[in-house]
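Here's the structure we're looking at; comments come further down.
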Amino acid sequence: MNYKEISLRALEPEDLELLYDWENNNDYWIISNTVSPFSKYTLKRYIENSHKNIYESGQTRLMIDHIPDKQTIGTIDIFDFDPYHKRAGIGILIAKENYRRKGFATMALSCLTDYCFKTLLLHQLYCNILENNCESIDLFKKLGFTEIGKKKDWIRTNEGYLCEVMFQLVKEE
């Protein structure tokens with residue numbers, strides 16, 4: 001799936017090192033509710049099983065490639081896929097710092113949203129964002145997601161608790 005300067009693609013065995021670095025970067029653990037590292041063995045098995053379609057696994061991860069530079073710059077996920085209620089959660093990471101704040105997350109999220117509504121025929125998408133992640137909040141709001149609630153003191157950090165803001169995008173029928 002291409003959208004302007006980015007491409008969303010399935011996981012490949014060659015992505016193991018990138019995933020290993022990203023999943024084990026404890027700076028990202030707070031947004032993924034992770035508290036311990038992943039082994040290469042576990043990630044290798046995850047990649048090997050990524051061929052299962054979203055109806056089997058309930059989730060899918062796509063890699064975000066920057067087409068002009070031929071660089072993989074991040075990942076975007078569909079999770080908690082519910083085909084009966086036609087909804088899913090989504091999350092995005094632009095892992096390479098020098099590709100942030102340049103519109104690539106907007107492109108990737110636009111592409112994924114189109115895929116979810118036009119191919120998977122979903123009715124709604126949702127995401128949960130920490131209240132201090134202003135860039136992500138702005139990104140999702142820019143693409144039409146609306147705030148629907150807040151989980152108070154939801155995530156514990158070394159500095160105290162953070163609230164998690166819930167957003168939803170319902171497809172116009």
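Check segment 157-165 and report whether any residue there is surrounded by fewer than 17 Cβ atoms within 10 Å (Cβ to Cβ) and within 21 Å of Ile6 (Cβ to Cβ). The answer is no; no qualifying residue exists.
Is it the case, given these coordinates, that Arg45 is out of contact with any Ser or Thr (no Cβ under 9 Å at 6 or more places or on another chain) and modelled with pLDDT of 95 or more? Considered against the rule, which asks whether it is out of contact with any Ser or Thr (no Cβ under 9 Å at 6 or more places or on another chain) and modelled with pLDDT of 95 or more, Arg45 comes out as no.
Within segment 90-128, the set of residues being touching a residue at least 60 places away in the same chain (Cβ under 8 Å) and among the aliphatic types (A, V, I, L, M) comprises Leu93, Ala95, Met107, Ala108, Leu112, Leu120.
I'd like to verify a number: residues in segment 100-146 that are closer than 23 Å to Asp82 by Cα, out of contact with any Lys or Arg (no Cβ under 6 Å at 6 or more places or on another chain) and either aromatic (Phe, Trp, Tyr) or in a loop (DSSP other than H, G, I, E, B) (or both), how many? The qualifying residues number 8. The residues listed here are Asp69, Asp65, Asp82, Asp77; of these, the one that is within 16 Å of the chain's Cα centre (by Cα) and either farther than 19 Å from Leu11 by Cα or free of Cβ contacts under 8 Å to residues at least 24 places away in the same chain (or both) is Asp77. For segment 1-59, a tally of residues being without any contact (Cβ under 8 Å) to a residue 24 or more places away in the chain, surrounded by 16 or more Cβ atoms within 10 Å (Cβ to Cβ) and either farther than 23 Å from Glu97 by Cα or not aromatic (Phe, Trp, Tyr) (or both) returns 2.
The values are calculated or read from the model by the stated rules, or taken from the named source; none is laboratory data. Because the structure is a prediction, the values reported are computed rather than measured. Don't worry about glycine lacking a Cβ; one is built from the backbone with ideal geometry, like all the others, and counts go over all protein chains shown.
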